[in-house]
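The values are calculated or read from the model by the stated rules, or taken from the named source; none is laboratory data. From a predicted model like this one, the values you see are computed outputs, not experimental measurements. Here the Cβ is made from the backbone with ideal geometry for all residues, glycine too, and neighbour counts use every protein chain on show.
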Amino acid sequence: MKVKKGTDMMVFNLIAYIFVGIFALACLIPFYLIIVGSVTKENTIITEGYQFFVSGKKFSLDAYKMALKNPESIRNAYAVTIFVTVTGTALSIFFTAMTGYVLSRPDFPWRNGVSFFFFFTTLFSGGLVPWYLLCTKYLNFSNHIYSLIIPGLFSVWNMIIAKSFMKGIPFEMTEAAKIDGAGDFFIFYKVILPMAKPLVATLTLFIALSYWNDWYNCMLFMSTSDNWNLQYTLQNILNSANALKRVAAQTGMQVGQLPSEGLKFAMTVIATGPIILLYPFLQKYFVKGLTIGAVKG
């Protein structure tokens, strides 16, 4: 029976590894096609479609040359995006984790009432126009870098994840620290946060992705290109390329000279490459944080 059980386990593991490997390959193939498409000539993409391999005659870096035609704007956009992502992620994690910790403490008598007010905001909102008027007329968000940070600073969904995770930390840890004379901020920083590394890693990935991929707030509040982030800068480059392509088609120019299709792929690589490199370092914490938060919810 033991031999049979061991054999069944080996067969199950083999099938599971094969299935997971196929699924991982299916996830990697689209990104591989994006990379290949970004170095393929425009005429080849239009006439032959997307390809898995690029020969020497079909290889071209025109899309990257066009995307990086003004490297100063790309460097500035990267600087703005990195600053907004790092600053916004750090502040958001602090406020989100702290709020979740307070609402998870059983000695906070109004935790259910306050939690209801947070949850209520997920069901109803004031609408885009009142929110825009509040941000521009009263908060003076126009053409200020903090307009890219503050709107995404707090997420009720992330707070619920934090609250669910914090419930799994024994409250006796907080009580013991209080007996030793520690204050609430000291307990949160020195006791709770070190025990919440999976939560912090999970929130870091969620929030950093949100800030990195944001272009909407930049479109709303930034009228000068000096404060444009990476996503909005690349979007404007793509819009310019599409406009040039339409003009070329109307005037009889060779449309193939404008790598609009390859430009889409090149911009995807430029925009997503750095953030993808962050995930392997957070993967083990990311999975643990999601499962613990789900079980404790």
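Quick notes on this one:
- From Met173, Met166, residue being surrounded by 13 or more Cβ atoms within 10 Å (Cβ to Cβ), more than 26 Å from the chain's Cα centre (by Cα) and under 24 Å from Val200 (Cα atoms): Met173
- Flag for Met159 being surrounded by fewer than 16 Cβ atoms within 10 Å (Cβ to Cβ) and either at pLDDT below 90 or in the same structural domain as Leu91 (by TED's automatic domain parsing) (or both): no
- Test: residue in the range 226-236 that is farther than 22 Å from Ile35 by Cα, in a helix (DSSP H, G or I) and modelled with pLDDT of 80 or more: yes
- Residue selected from the range 153-183 under the condition in contact with a Gly (Cβ under 6 Å, 6 or more places away or on another chain) and not aliphatic (A, V, I, L, M), by the criterion nearest to Phe118 (Cα to Cα): Lys163
- Residue that is surrounded by the most Cβ atoms within 10 Å (Cβ to Cβ) [pool: residues in the range 37-84 that are within 30 Å of Tyr211 (Cα to Cα) and among the acidic types (Asp, Glu)]: Asp62
- From the options Gly113, Gly100, Gly88, residue that is of a type in the set (Gly, Ala, Ser) and under 30 Å from Ser240 (Cβ atoms): Gly88
- Filter result for Gly100 (exposed (fewer than 11 other Cβ atoms within 10 Å of the Cβ) and either assigned by TED's automatic domain parsing to the domain that holds Val86 or touching a residue at least 12 places away in the same chain (Cβ under 8 Å) (or both)): no
- Residue-level check: of (1) touching a Lys or Arg at 6+ places or on another chain (Cβ under 8 Å); (2) among the aliphatic types (A, V, I, L, M); (3) crowded, with 18+ Cβ neighbours inside 10 Å, Leu199 misses just (1).
- Matching residues, the range 111-128, being outside any helix (DSSP H, G or I) and surrounded by 10 or more Cβ atoms within 10 Å (Cβ to Cβ): Thr121, Thr122, Gly126
- Residue that is among the basic types (Lys, Arg), at pLDDT below 90, assigned to a helix (DSSP H, G or I) and under 30 Å from Tyr232 (Cβ atoms), where the choices are Lys178, Lys190, Lys137: Lys137
- Residue within the range 144-151 that is part of a loop (DSSP other than H, G, I, E, B), under 25 Å from Asn236 (Cβ atoms) and at pLDDT 85 or above present: yes
- Within the range 99-117, tally of residues that are in contact with a helix residue (DSSP H, G or I) (Cβ under 9 Å, 6 or more places away or on another chain) and among the aromatic types (Phe, Trp, Tyr): 2
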